[in-house]
Structure formats: structure tokens, C-alpha cells
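First the structure, in the form of C-alpha cells, and then the observations on it.
Taken together, the values in this text are just the output of simple stated rules run on the coordinates, not laboratory data. Just so it is clear, the model here is predicted, and its values are computed rather than measured. With ideal geometry, Cβ positions are generated from the backbone for all residues, glycine too; neighbour counts draw on all protein chains shown.
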Amino acid sequence: MKQAMKYALLFAATFAAVLEAADPTQPIFWSASQLKDADKSANAKLNPERHLGTERMLDSAFIAFRNGSGEAEIHEKLADLILVRSGQGAVLVGGKIVDGKPSAPDEIRGKAIEGGTKYPIAAGDVLYVPANVVHQFMMEPGQSFTAMVVKIKPKL
Ligand SMILES: [Zn+2]
């Protein structure tokens, strides 16, 4: 019994370590021109079905290029800080997720949102989406944007 418990705890600790963010312990500097290159890399990695291309900067941050609407999503434990770098679009935030299903640990994805508040976003804007709040990128035809998305473990 005790031995089984020990293994269970060891397994849990290992699993948690794998899931735990592994952000660097050393400083990283990105110049404005390096960030522009990262914007281009995100654009070049566009997945046409998801209308999304991403370039990872840190475990907790990436640059997103989006040229179409996304799925409704909920991250139960992480907030999104969205710093819009170029272009424009909109984010629907809050309300109720439609057909929400678990897609990863602490993540729910769905087709759409009922209700919610639509925030138009454009270059220079910043939007904070709290943890456990549904949100969905809503794009008009022809719209696209790049944004730095920073995942935050909220202080409660
Ligand atoms: Zn999100």
C-alpha cells in the first residue's frame, strides 16, 4: 500500500514536471527586427485549415498570425495576454461555449460562443482574457493580424 502510494506520487510528480512550463532561466532579448522576422515565420507556418500560424518565443509566449476565425476555447488555468502587433480582427470573449469538449489537459474547445462581448483588435491594442473564460477569434473576410500571445498563470 505504502509502496503503491510512493509510485503513484512519483508518477504524478513526473507527469506534472512534463506539463509544467519550461521557460528559460536565462535572459532572451529580441530586437524589433527579430520580432518582425518572427511575425514572418508565424505567417509562413500558416495552417490553412486553422487559419493560424505560430512561432514560439518561450514556453509561455508565441507569435500568432491569423487570417480567419478560430474555434471557441477555454484554458481553465491560464489567461491570455494578447498584444496585437499588426493588422486587425476581433475577439469574442465570455458567454457560453457551444459543443465544448476537452481537447487537452485544462483545455476545452467548441464550435462557437453564445453571447459574449466582441472586442475589435488592431495593431497596438492589448487584450487580456482571464483564465477559464471562453474566447474566439472572429475575423471578417480579408482580415488578418499578428499578435504576441503570452500565457499567464493568474494571481488569485
Ligand atoms: Zn486562448
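Scaled against the 2.2 N^0.38 Å expected of a compact globular protein of N residues, the Cα radius of gyration of the stretch 59-101 reads 1.31. For the pair Gln34 and Gln88, label points projected 7 Å from Cα toward Cβ lie 3.2 nm apart. Each Lys or Arg adds one and each Asp or Glu takes one away; over the other residues whose Cβ falls under 10 Å from the Cβ of Lys77, this sums to -1.
For the chain, the longest principal axis of the alpha carbon atoms and the long axis of helix 32-44 meet at an angle near 90°.
Net charge near Ser41, counting Lys/Arg +1 and Asp/Glu -1 over other residues with Cβ under 14 Å of its Cβ? Local charge sum for Ser41: +2. Using alpha carbons only, how many angstrom separate the centre of the stretch 32-99 from the centre of the stretch 103-156? Centre-to-centre (Cα) distance: 8 Å.
For the stretch 49-133, the direction-averaged projected area of the alpha-carbon convex hull comes to 5.5 nm². Remark: the chain is approximated by an ellipsoid whose semi-axes, taken from the C-alpha gyration tensor as √(5λ), come to 30, 22, 14 Å, largest first. Under Stokes-Einstein, with the Kirkwood radius over Cα pairs as Rh, the value for the stretch 24-83 at 37 °C and 0.692 mPa s is 254 µm²/s.
Our estimate of slack between Val98 and Lys111, defined as 0.36 nm per intervening residue step minus the Cα-Cα distance, is 4.1 nm. Taking Cα centre as origin and charging only the Cβ of basic (Lys, Arg, +1) and acidic (Asp, Glu, -1) residues, the dipole magnitude of the chain rounds to 280 debye. Helical runs assigned H by DSSP (4 residues or longer) give the chain a calculated mean residue ellipticity at 222 nm of -6500 deg cm²/dmol, each run adding -39500 (n - 2.57) before division by the residue total.
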